[in-house]
1. At 0.36 nm per residue, minus the direct Cα-Cα distance, what do residue 124 and residue 86 gain on full extension? Give it in nm, one decimal, please.
2. Subtract the Cα-Cα distance of residue 155 and residue 34 from 0.36 nm times their separation in residues, and report this length gain in nm to one decimal.
3. Could you check which residue among 43, 53, 142 shows the biggest mean-square fluctuation in a GNM of the chain with a 10 Å Cα cutoff?
4. How long is the gain from residue 93 to residue 11 if the chain were fully straight, where each residue apart is worth 0.36 nm and the alpha carbon distance is subtracted?
5. Take each of the peptides 32-41, 14-23, 129-138, average the number of other beta-carbon atoms within 10 Å over its residues, and list them starting from the highest.
6. Please work out the FRET efficiency for the pair residue 103 and residue 49, using the Cβ-Cβ distance as r and a Förster radius of 30 Å; give the result to the nearest 0.05.
7. Report, in deg cm²/dmol and to the nearest 500, the calculated mean residue ellipticity at 222 nm for the chain, where each DSSP H run with n ≥ 4 adds -39500 (n - 2.57) and the sum is divided by the residue count.
8. Which whole-Hz couplings ³J(HN,Hα) result when phi for each residue of the range 132-139 is put into the Karplus expression 6.51 cos²θ - 1.76 cosθ + 1.60, θ = phi - 60°, listed in order with x for Gly and Pro?
Amino acid sequence: MSKKTNRDKVVKIGVVDTMFARYNMGAAALDELANCPGYGTSFKVVTKTVPGFKDLAVAAKILIERDHCAIVVALGMPGKAPIDKQCAHEAALGIMQAQLITSTPILEVFVHEDESDDPNVLATVFENRSRSHARNAYWMIFEPEQLRERAGQGIRQGFADAGPLTS
């Protein structure tokens, strides 16, 4: 029997989402990853759902430390109230700390409820941002040149791209 090398190892990508979000961000991210080359053979997805965005950091850390995920996409929705903005900031700091502790990327994917008053626009932002960051996670692991090619182009996740600035 041949010995498996690290090159043959199946990489794990973590996706953690929340019940509080008004859109199924996890389903969008999972669908995007399922359409990436190598799904099921080169990589698999490990998921976890938590109550709210303040629970994302520890869930992502668990996916990294216990499930050995190489990267995690952390999806959540802060509400409109000022306290929600403050809690989102604190949750973001927790996610940053989890990245530093584990030396593993955790892509924070927040859609703030007040990004649009139009429910259809907001749903589109949820869908696009969740999918875009899932694809970014895939690229970071398997095709980092995809990110390099897009550097400085004003690429956005959620709304339309801003485009590059020229002098």
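1. Gain in length upon complete extension: 11.2 nm.
2. Values: separation 121, 0.36 × 121 = 43.56 nm, distance 2.25 nm.
Length gained between residue 155 and residue 34: 41.3 nm.
3. Looking only at 43, 53, 142, the largest GNM fluctuation is found for 142.
4. Once the chain is fully extended between residue 93 and residue 11, it gains 26.9 nm.
5. Highest-to-lowest ranking by the protection proxy: 129-138, 14-23, 32-41.
6. On the way: r = 25 Å, r/R0 = 0.83.
That pair, residue 103 with residue 49, gives E of 0.75.
7. Value at 222 nm, helices only: -14000 deg cm²/dmol.
8. For the range 132-139, the Karplus-derived couplings read 4, 6, 4, 5, 4, 4, 4, 4 Hz, x marking Gly and Pro.
Every number in this text was worked out from the coordinates using simple rules, so none of it is lab data. Everything numeric in this text was worked out from a predicted model, so none of it was measured. A quick note on method: Cβ atoms are made from the backbone with ideal geometry, for glycine too, and the neighbour counts reach across all protein chains shown.
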